[in-house]
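Trainee: Once you've had a glance at the structure underneath, I'll fire off some questions.
The values are calculated or read from the model by the stated rules, or taken from the named source; none is laboratory data. In this text, all values refer to a predicted model and were calculated from it rather than measured experimentally. Counting neighbours? That spans all protein chains shown, and the Cβs are built from the backbone with ideal geometry, glycine included. What goes into the accessible areas is simple: the full protein's heavy atoms, side chains included, and nothing from ligands, DNA or RNA. Shrake-Rupley method; radii C 1.70, N 1.55, O 1.52, S 1.80 Å.
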Amino acid sequence: NPGFGGQSFIPEALNKLMLAREIIRQSGKTIRLQVDGGVKIDNIHQIAQAGADTFVAGSAIFNADNYKNTIAAMRQSIKQFC
């Protein structure tokens with residue numbers, strides 16, 4: 001669902017991610033699975049658990065008061081939950 005900057009994450013995409021990750025796994029190939037849209041501190045761990053390993057988080061970072069802290073929190077969330 002193409003959209004615009006600042007758009008919310010679409011929760012139904014988690015099922016699509018899991019399916020895509022399974023197809024990638026079955027292929028035996030090394031393929032990155034990227035998510036672009038609504039990636040934030042509070043949902044990045046769910047997105048990673050569903051199979052994504054590359055994240056685009058434009059508004060979540062650029063609208064934050066401190067870019068470095070936001071990126072660190074995202075990385076910590078991924079490590080903590082995955």
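Trainee: Suppose we filter segment 9-20 for residues that are within 13 Å of Ile47 (Cβ to Cβ) and either polar (S, T, N, Q) or open to solvent by 60 Å² or more (accessible area, probe 1.4 Å) (or both); how many remain?
Mentor: Of the residues in that region, 5 qualify.
Trainee: Of the residues that sit in segment 58-80 and are hydroxyl-bearing (Ser, Thr, Tyr) and either farther than 24 Å from Leu19 by Cα or not in a helix (DSSP H, G or I) (or both), which one is least open to solvent (accessible area, probe 1.4 Å)?
Mentor: Thr70
Residue by residue, here is whether (1) among the polar types (S, T, N, Q); (2) under 17 Å from Lys79 (Cβ atoms) holds:
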position: Gly6; (1), (2): no, no
position: Asn15; (1), (2): yes, no
position: Thr30; (1), (2): yes, no
position: Val35; (1), (2): no, no
position: Gly38; (1), (2): no, no
position: Gln46; (1), (2): yes, yes
position: Gln49; (1), (2): yes, yes
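Trainee: Sticking with this structure for a sec: Just checking, how many residues over segment 22-38 are open to solvent by 30 Å² or more (accessible area, probe 1.4 Å) and either aliphatic (A, V, I, L, M) or not in a loop (DSSP other than H, G, I, E, B) (or both)?
Mentor: 8
Trainee: Right, here's the next one. Looking at segment 6-42, which of its residues are touching a helix residue (DSSP H, G or I) at 6+ places or on another chain (Cβ under 9 Å) and closer than 18 Å to Ile71 by Cα?
Mentor: Selection gives Gly6, Phe9, Val35, Asp36, Gly37, Gly38, Val39, Lys40, Ile41, Asp42.
Trainee: To continue, here is another question. One residue is enough: does segment 43-57 have a residue meeting the conditions open to solvent by 30 Å² or more (accessible area, probe 1.4 Å) and in contact with a Phe, Trp or Tyr (Cβ under 6 Å, 6 or more places away or on another chain)?
Mentor: Yes.
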